[in-house]
Amino acid sequence: MYNIAFATHISWQILPDQHFGFVYNIKEKKYYALEDTELVVWNIISQHKEISLNSLIDTVATYYCINSEDIEHDISEFIDSLFEIGVITKNGRDKYKKSI
């Protein structure tokens, strides 16, 4: 498994109602919307400088009162998609292959 952190070239905001947020990738000049479980995952990551994928999955499972195994695949896919759009790092590396 790997550790996850926010990329250094992003800006993000969660709107006051806590049901919607967005991430801006400064390098690519693109916005991405976050809703529902995506926002829950983002909030959990934001509470840590770095978090392991296993800890993230366990925390989301606890939040929803479900088994970690039931969401492991979905959370892993979402994290992969965040990496591919360049807004998170895995083990200190971003999609641009630079160690931060």
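Things to note:
- From the options Y96, Y31, residue that is surrounded by fewer than 14 Cβ atoms within 10 Å (Cβ to Cβ) and in a strand (DSSP E or B): Y31
- Hey, I14 at negative phi, hydrophobic (A, V, I, L, M, F, W, C) and at pLDDT 95 or above or not: no
- Here is the figure for the range 11-39: residues that are aliphatic (A, V, I, L, M) and closer than 17 Å to D80 by Cβ total 2.
- Complete set of residues in the range 3-27 that are in a loop (DSSP other than H, G, I, E, B) and either of a type in the set (K, R) or surrounded by 15 or more Cβ atoms within 10 Å (Cβ to Cβ) (or both): A7, H9, K27
- The numbered conditions (1) under 22 Å from L15 (Cα atoms); (2) in a loop (DSSP other than H, G, I, E, B) are all true for V40 except (2).
- Extreme residue, modelled with the lowest pLDDT, among residues of the range 81-93 that are surrounded by fewer than 20 Cβ atoms within 10 Å (Cβ to Cβ) and outside any loop (DSSP other than H, G, I, E, B): R93
The values are calculated or read from the model by the stated rules, or taken from the named source; none is laboratory data. All of these numbers come straight from a predicted model, not from anything done at the bench. We place every Cβ from the backbone using ideal geometry, glycine too, and count neighbours over all the protein chains shown.
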